[in-house]
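Below is one structure; the comments refer to it alone.
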Amino acid sequence: MCHKQAMKGGLLIDATCEDVATTQIWQEEGVVNKLLLGNVYWLVLEKRFSFEPLMDSESVDTDRLPPQLELLYNERFRTLQLMPFTNVVIAFQNAAGSWELREVFKPYRKANLSAESIASRYVPSGLGRARSGERMLYRGRDVGQRRNLQGFAMPCGTATTSPEYWKGMDDRNDVHDLFTKANFPFIRELMYDLNFTLNMVQVDKVGYKHNGTFSGVMGKFQNHSIELGCLGCLMRTERLEVVDFMIVSLIIRSSIIFRQPPLSIVANIFELPFSVGVWLCCFAMMAIYWVSMVGVWRCLANGERFTPVESLVFIIGTMCQRGYELVPHFNGTRLLMFSLQLTSFFILTSYSASIVALLQSPSRAITTVGDLVRSPLKAGVMDTSYGRVYYQETQDADVQDLYRKKIKPHGERAFIEPNEGIARVQHEMYAYEAEVNAAYMVIKETFAPEEVCKLQELEAIKLPPFGIPIVKGSKYRELIRQRLLWQREVGIIKRFNIIWIHQKPLCENPNAGYSSVGLEEMRYLYFFLAVGFLVAFAVLVGERTWRKEVTKKLKSRSAIIKGRSGT
């Protein structure tokens with residue numbers, strides 16, 4: 001008879017019936033094991049047994065079966081997965097006619113049955129049900145007994161993806177295989193808590209699904225070679241086909257770490273000190289002064305030596321803080337020149353101060369992954385198995401462009417170790433995507449305090465949390481999940497996360513240090529110098545050509561005049 005309510009079910013088996021169906025039900029190992037679940041309750045009714053110790057005790061129930069039943073059900077349940085958090089109760093009548101209820105379980109598959117009395121001398125009457133129900137309510141399950149797996153060698157799988165760096169589970173100086181080493185302390189605590197040992201199976205990767213088959217540790221789960229994962233693995237949907245995740249044990253972010261390129265790299269800093277309005281005002285002022293000096297020259301042409309061209313050269317030179325060899329004769333011209341020089345002095349002072357600040361200022365050119373793709377920075381990725389997978393699976397258009405344009409063209413050379421990647425971030429225009437734990441460790445060891453302040457982060461791929469896996473449908477799932485939750489409640493998981501996860505380095509002095517000015521920052525000046533040289537050369541050629549033409553015409557005129565004089 002089966003009853004379902006609130007996602008729970010029950011099975012009642014009358015073992016007193018000696019028909020073939022009842023005796024063969026325990027031989028259907030596959031079917032019975034599938035029904036041995038935490039939310040399915042079994043009640044097996046047996047015939048009357050004489051069990052004298054039950055009657056000798058008035059206050060303490062005996063947690064064992066009669067010898068006949070113990071032998072019988074050890075044989076019947078020999079191959080069944082009757083683990084601690086299944087719900088199988090055997091009910092039988094004692095010599096007095098009252099009922100005895102024993103819940104039975106095994107610490108592991110090949111172990112002998114353990115029994116726990118949940119009701120003794122139960123009488124199916126109103127008063128008997130009340131007394132027995134009260135005892136059952138206050139007694140509950142013997143948690144200590146169920147948490148004792150009696151030294152069972154639990155088949156456990158782990159992965160070491162970088163064996164060349166492996167120095168043991170407790171090596172905190174190496175950033176490789178963090179998902180294994182940072183989660184193993186929780187498994188070790190479980191061993192002490194539940195009294196089991198490990199039969200460790202070690203492979204070289206966690207594993208992904210290809211053509212319906214999993215590789216690595218997931219492949220071991222798929223063929224039921226292991227029961228528990230002695231590591232944390234990414235909680236991917238496809239892995240739920242072969243494992244159950246009991247608890248989130250670790251969260252690791254993967255970020256792109258880079259230095260913002262200097263402002264002088266992404267913009268022409270020589271035009272940034274002034275706004276467009278200030279630049280227009282400067283040119284308008286130069287035009288007004290030039291018109292004024294030309295007006296003075298025309299009105300006082302007999303005494304003033306400043307021609308329009310000389311006035312223009314003087315104004316441009318004054319704005320650039322250059323002197324001029326000509327001295328004006330009139331006070332009006334002198335006042336114009338003085339006011340222009342004073343104005344240009346304050347303008348140039350403000351301009352120079354802004355240039356110095358801009359040369360030391362980082363830009364804000366890269367704020368998204370799309371900006372990074374369009375920037376001159378090169379890119380690399382930490383050499384992890386999931387890094388390749390998640391970049392190829394991403395649906396984000398900017399991340400796809402990043403992978404296609406800056407990572408994929410370099411092949412395997414784009415996937416590098418944290419030491420090399422962070423060193424390139426420090427010394428080059430380079431962006432490196434890595435686990436923040438690995439990156440922070442290298443940064444703390446190699447970066448000066450002022451260099452830390454220049455680092456920026458972007459999140460390209462969002463990693464799912466890491467969870468501790470157990471084989472799909474495991475009978476140990478509820479027991480281990482509860483003990484892992486207890487570790488979280490008492491702070492064990494938080495403590496080990498603090499120990500294993502490196503925190504972000506603090507920016508202690510953002511104003512310390514300085515950046516040297518290199519050729520890249522001065523490229524616009526070199527361009528302007530080259531343009532000025534070419535214009536000067538073109539003007540020189542034009543002047544020489546014009547002079548030759550003028551000289552030639554003068555000679556021809558002189559020849560004509562001499563010819564006429566001779567005649």
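The values are calculated or read from the model by the stated rules, or taken from the named source; none is laboratory data. The shown structure was predicted, so the numbers you read here are calculated from the model rather than taken from an experiment. Using ideal geometry, Cβ is built from the backbone for each residue, glycine included, and neighbour counts are taken over all protein chains shown. Side chains are part of the model used for accessible areas, which takes the heavy atoms of the whole protein and leaves out ligands, DNA and RNA. Shrake-Rupley method; radii C 1.70, N 1.55, O 1.52, S 1.80 Å.
Quick one: dipole size for the chain, taken about the Cα centre, charges +1 on Lys/Arg Cβ and -1 on Asp/Glu Cβ, in debye to the nearest 20. My answer is approximately 2740 debye.
Hey, which lysines would be in cross-link range of Lys553, C-alpha to C-alpha under 16 Å, not counting anything within fewer than 8 residues on its own chain? Excluding near neighbours in sequence, the set is Lys562. Label sites at Lys110 and Ala559, each approximated as a point 7 angstrom past Cα along Cα to Cβ, lie 12.3 nm apart.
Shape verdict for the chain, please, from the Cα gyration tensor: rounded (a/c under 1.5), prolate (a/b greater than b/c) or oblate. Verdict is prolate for the chain.
Solvent-accessible area per residue for the chain at a 1.4 Å probe radius, Å²?
On the way: 31580 Å² over 567 residues.
Here the residues of the chain average 56 Å² of exposed surface.
Of the residues Gly151, Thr213, Ile252, the one whose Cα sits farthest towards the positive end of the charge dipole of segment 146-300 is Ile252 (charges of +1 on Lys and Arg Cβ, -1 on Asp and Glu Cβ, taken about the Cα centre).
Can you classify segment 185-255 as rounded, prolate or oblate using the Cα gyration tensor, where a ≥ b ≥ c are the square roots of its eigenvalues, rounded means a/c under 1.5, and otherwise it's prolate if a/b beats b/c and oblate if not? Since a/c reaches 1.5 but b/c is at least a/b, the shape of segment 185-255 is classed as oblate.
Just subtract the alpha-carbon distance of Ser339 and Gln482 from 0.36 nm times their residue separation and send over the number in nm, one decimal. Display every interim value, and only then the final one.
On the way: separation 143, 0.36 × 143 = 51.48 nm, distance 8.49 nm.
Value of the extension gain: 43.0 nm.
Each of the GluC sites (Glu not before Pro) that DSSP puts in a loop and that has at most 15 other Cβ atoms within 10 Å breaks the chain; the longest unbroken stretch is 59-270. Here the label points at Gln392 and Lys47, each 7 Å from Cα along the C-beta direction, are separated by 6.5 nm in the simple model.
Return the subset of Lys220/Lys504; Lys205/Lys406; Lys167/Lys444; Lys220/Lys462; Lys167/Lys504 for which the Cα-Cα distance in this structure is over 30 Å, preserving the input order. Check vs 30 Å cut-off fails for Lys220/Lys504. The calculated FRET efficiency for the pair Cys507 and Thr368, based on their C-beta separation and a Förster distance of 25 Å, comes to about 0.70. Set the Förster radius R0 to 30 Å, insert the Cβ-Cβ distance between Ser215 and Lys408 as r into 1/(1 + (r/R0)^6), and round the FRET efficiency to 0.05. Between Ser215 and Lys408 the formula returns 0.85. Subtracting the Cα-Cα distance of Ala153 and Ala284 from their residue separation scaled by 0.36 nm leaves 38.3 nm. Placing a pseudo-label 7 Å from each Cα along the Cα-to-Cβ vector at Glu241 and Phe270 gives an inter-label distance of 6.3 nm.
Write down the percent of antiparallel bridges among all DSSP beta bridges whose residues are both part of the chain, to the nearest 5. Intermediate results must be reported in sequence, preceding the final value.
Values: 36 of 63 bridges.
Counting DSSP beta bridges with both partners in the chain, the antiparallel share is about 55 percent.
For Lys106, the lysines whose Cα falls under 17 Å of its own Cα, not counting residues fewer than eight places away in the same chain, are Lys34, Lys475.
Can you give the FRET efficiency to the nearest 0.05 for Ala96 and Thr16, using r as the Cβ-Cβ distance and R₀ = 22 Å? Display every interim value, and only then the final one.
Numbers: r = 18 Å, r/R0 = 0.83.
Efficiency, from the Cβ-Cβ distance: 0.75.
Report the full-extension gain for the segment Lys34 to Leu72: residue separation times 0.36 nm, less the Cα-Cα distance, to one decimal in nm.
On the way: separation 38, 0.36 × 38 = 13.68 nm, distance 2.18 nm.
Stretched out fully, the Lys34 to Leu72 stretch lengthens by 11.5 nm.
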